Amino acid sequence: MVALFDLLKGRREGKSLDTAGLKALVSGYSIEVMPRTAAKIDDFRALLPAGTRVYIAHIEGTPIDDMVATARRFRQHGFPVMPHFPSRLIPDAATLEEWITRYKNEAGVEEALLLGGGVATPAGDFDSSIELIETGLFDRHGFRRLHVAGHPEGNRAIDRDGSSRIVDKALALKQDYCERTDADMAIVTQFAFAAQPVIAWAERIAAAGITLPIHVGIAGPTKLQTLIRFAIACGVGPSLAVLQRRALDLGQLLTPYEPTEVLAEMADYRAANPQSRIAQVHVFPLGGIRAGADWMNERLKDEARAVR
């Protein structure tokens, strides 16, 4: 109960963070951008550590030309790039192959995040990331790394009955594909605001035979009101209560949210459970790319810290 109270209050007064464990968790973090937000940053080499993987979110209505141009810019500056392939936004296999070949030939991309796409009605032939994988096009065009989405708190758009039956089956199929091919795969999760739902989910899928590395999604620092709005829109489940309780504390309502607590608990868990498949962190910079990257870079510094 004490740990839960500390989490809900958003502070660990008087306690020092396990800096080494936290640094190990956030080292090699990845970050998500959109073409329009990336265009506001002049030079990412001055902002992101060398080798940071950059995911490019493909939002409905974004032209593929903008996506490819953004990917090319990051690749020219030496960053590994992982564009989204949202299955329900892709009308047919011909379009899928066009996107794959353009990313590879025009931007040197050989990685992809495959996901459903966040829209209720498919634009054409594809309804899931599994269907994208089964075309064989990524393998045929030499994409060496494929990441897939994970939902520690469930996904009501997929499992409408509140269970995890369909998403669990999908993960098993992706695990099977990884074992049958030489694809380098990992699971990237939706962002969460509490560590325990993510830890419980990671343990549950591991017991079911899922051994893919897990890249845990976290929200970068931002206003609490902004975060609650994103959380509701994205269907974040049990951990949303952490934000809602924090909003009842007027002192914390005026303080920007930072993911310190969820990362500290995750780092503690990893240190105690080195066999865990939780591998690293993926940042959703909901408060802005610069704010998210700066916060993560501060966590990589060596000096000891205490949570305020």
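Here is the figure for the range 192-212: residues that are at pLDDT 90 or above and open to solvent by less than 40 Å² (accessible area, probe 1.4 Å) total 10.
Within the range 173-187, is even one residue open to solvent by 70 Å² or more (accessible area, probe 1.4 Å) and over 20 Å from Pro213 (Cα atoms)? Step through it out loud before you land on a result.
Going residue by residue through the range 173-187, those that are open to solvent by 70 Å² or more (accessible area, probe 1.4 Å) are 173, 179-180, 182.
Filter again for over 20 Å from Pro213 (Cα atoms), leaving none.
The answer is no; no qualifying residue exists.
Among the residues of the range 53-76, the one identified as without any contact (Cβ under 8 Å) to a residue 40 or more places away in the chain, over 14 Å from Lys104 (Cα atoms) and among the hydroxyl-bearing types (Ser, Thr, Tyr) is Thr62. State which residue is least open to solvent (accessible area, probe 1.4 Å) when the search covers only the range 93-118 and only residues that are farther than 25 Å from His215 by Cβ and among the hydrophobic types (A, V, I, L, M, F, W, C). Filtering first and then ranking leaves Ala93. Pairing each residue of the range 286-301 that is among the β-branched types (Val, Ile, Thr) with any residue that is part of a helix (DSSP H, G or I), provided the two are 6+ apart or on different chains, yields C-beta distances under 9 Å for Ile289/Thr37; Ile289/Ala38; Ile289/Phe44. Listed by first and then second residue, the pairs with beta-carbon distance under 6 Å, at least 6 apart or on different chains, first residue in the range 88-100 and over 12 Å from Leu114 (Cα atoms), second among the β-branched types (Val, Ile, Thr) and in a loop (DSSP other than H, G, I, E, B), are Ala93/Thr135.
Could you list, in sequence order, all residues of the range 1-51 that are assigned to a helix (DSSP H, G or I), hydrophobic (A, V, I, L, M, F, W, C) and modelled with pLDDT of 80 or more? Steps first, answer last, please.
So the first thing to find is which residues in the range 1-51 are assigned to a helix (DSSP H, G or I), and the list is 2-9, 19-26, 35-38, 44-46.
Checking which are hydrophobic (A, V, I, L, M, F, W, C) leaves us with 2-5, 7-8, 20, 22, 24-26, 38, 44, 46.
Within the range 1-51, Ala20, Leu22, Ala24, Leu25, Val26, Ala38, Phe44, Ala46 qualify.
Working only within the range 168-203, note down all residues that are closer than 21 Å to Arg88 by Cα and in a helix (DSSP H, G or I). If the condition is that a residue be closer than 21 Å to Arg88 by Cα and in a helix (DSSP H, G or I), then Asp168, Lys169, Ala170, Leu171, Ala172, Leu173, Lys174, Tyr177 are the ones that fit.
Residue-by-condition table, conditions (1) part of a helix (DSSP H, G or I); (2) in contact with a Pro (Cβ under 9 Å, 6 or more places away or on another chain); (3) more than 22 Å from Gly209 (Cα to Cα):
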{"site": "Gly78", "(1), (2), (3)": "no, no, yes"}
{"site": "Pro91", "(1), (2), (3)": "no, yes, yes"}
{"site": "Ala120", "(1), (2), (3)": "no, no, yes"}
{"site": "Val148", "(1), (2), (3)": "no, no, no"}
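Only a single criterion out of (1) loosely packed, with under 15 Cβ neighbours inside 10 Å; (2) under 26 Å from Pro91 (Cα atoms); (3) out of contact with any strand residue (DSSP E or B) (no Cβ under 8 Å at 6 or more places or on another chain) is not satisfied by Arg165, namely (2).
The values are calculated or read from the model by the stated rules, or taken from the named source; none is laboratory data. Fair warning: this is a prediction, and the values are worked out from it, not measured in the lab. All Cβ positions, glycine included, derive from the backbone under ideal geometry; neighbour counts span all protein chains shown. Accessible surface is based on the protein model in full, side chains and every heavy atom, while ligands, DNA and RNA are left aside. Shrake-Rupley method; radii C 1.70, N 1.55, O 1.52, S 1.80 Å.
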